[in-house]
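Participant: Sharing a structure here in structure tokens format.
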Amino acid sequence: MTKPKRRQWSRIVARSLPESLQLCKEHAQATRNMSVPRIADRTGISTDMLYKHLGNGDMPASLLIPYMAATGREYPLQYMAHSLDKLVVDMPKGNRSSMPTINHLNQFANQVIGMVMQLEDGTGNHQHVAEQIVLLMQELAYQKLEVERLDDPQQTLI
């Protein structure tokens, strides 16, 4: 029996607000071993209200930040930004990126370019390729911010 592949949470893009809320919950359960009551407690609402918001897909904006902080992912924010043709870029915090090394970023960039080439040949999923391009742009924007941060004379390389 083969092991199931681990989900690559940094490469998932939500297609709707309800899906983004569900993805946050699944991420917390899979990576942080959190139950729905624990997520609700950290969000500051009852378990019943959290289930209601997840079922309807209409969480109030005042609860989104605590919910995303509790679950560890920002899928609702990314969905809203992408639906407005905006790009969300994490603020640089040292060398932390979803790509462990520049080599991984290079491999991912080559994969995305390969997907674009497949689209030119008439194969491939247009929506998936577009999502992967957005993720690559986010990673490259993060690297740009890191490079700019190194220009600050008060920053030191460790």
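The values are calculated or read from the model by the stated rules, or taken from the named source; none is laboratory data. If you're wondering where the values come from, they're calculated on a predicted model, not measured in any experiment. For neighbour counting, all protein chains shown are included, and Cβ atoms are generated from backbone atoms with ideal geometry for every residue, glycine included. Only protein heavy atoms, including side chains, enter the accessible area calculation; ligands, DNA and RNA are left aside. Shrake-Rupley method; radii C 1.70, N 1.55, O 1.52, S 1.80 Å.
Participant: Any idea of the accessible area per residue across the chain, 1.4 Å probe, to the nearest Å²?
Facilitator: Numbers: 10560 Å² over 158 residues.
On a per-residue basis, 67 Å².
Participant: To the nearest 20 debye, what is the magnitude of the charge dipole of the chain about its Cα centre, counting +1 on the Cβ of each Lys and Arg and -1 on the Cβ of each Asp and Glu?
Facilitator: Details: 17 positive and 16 negative charges, 144 e Å.
Here the size comes out at about 700 debye.
Participant: Taking all protein chains in place and a 1.4 Å probe, what share, in percent, of the accessible surface of the chain do carbon and sulfur account for? Mind showing how you got there, number by number?
Facilitator: Working: 5710 of 10560 Å².
Within the chain, the accessible surface is 54 percent carbon and sulfur.
Participant: Based on DSSP H assignment, which helices of the chain show an axial Cα extent of at least 15 Å together with a mean Kyte-Doolittle hydropathy greater than or equal to 0.0?
Facilitator: For the chain, where a helix must reach 15 Å along its axis and average at least 0.0, the hits are 61-71, 102-120.
Participant: In percent, how large is the relative contact order of the stretch 25-79, given Cα pairs closer than 8 Å and 6 or more residues apart? Write down the numbers at each step before the final one.
Facilitator: On the way: 40 pairs, mean separation 20.9, N = 55.
For the stretch 25-79, the relative contact order is 38 percent.
Participant: Moving on. Give the Cα extents of the chain along the principal axes, in whole Å, largest first.
Facilitator: Reported extents, whole Å, longest axis first: 50, 45, 41.
Participant: Another one. Rg to Rh ratio, the stretch 1-87, alpha-carbon atoms and Kirkwood radius?
Facilitator: 0.99
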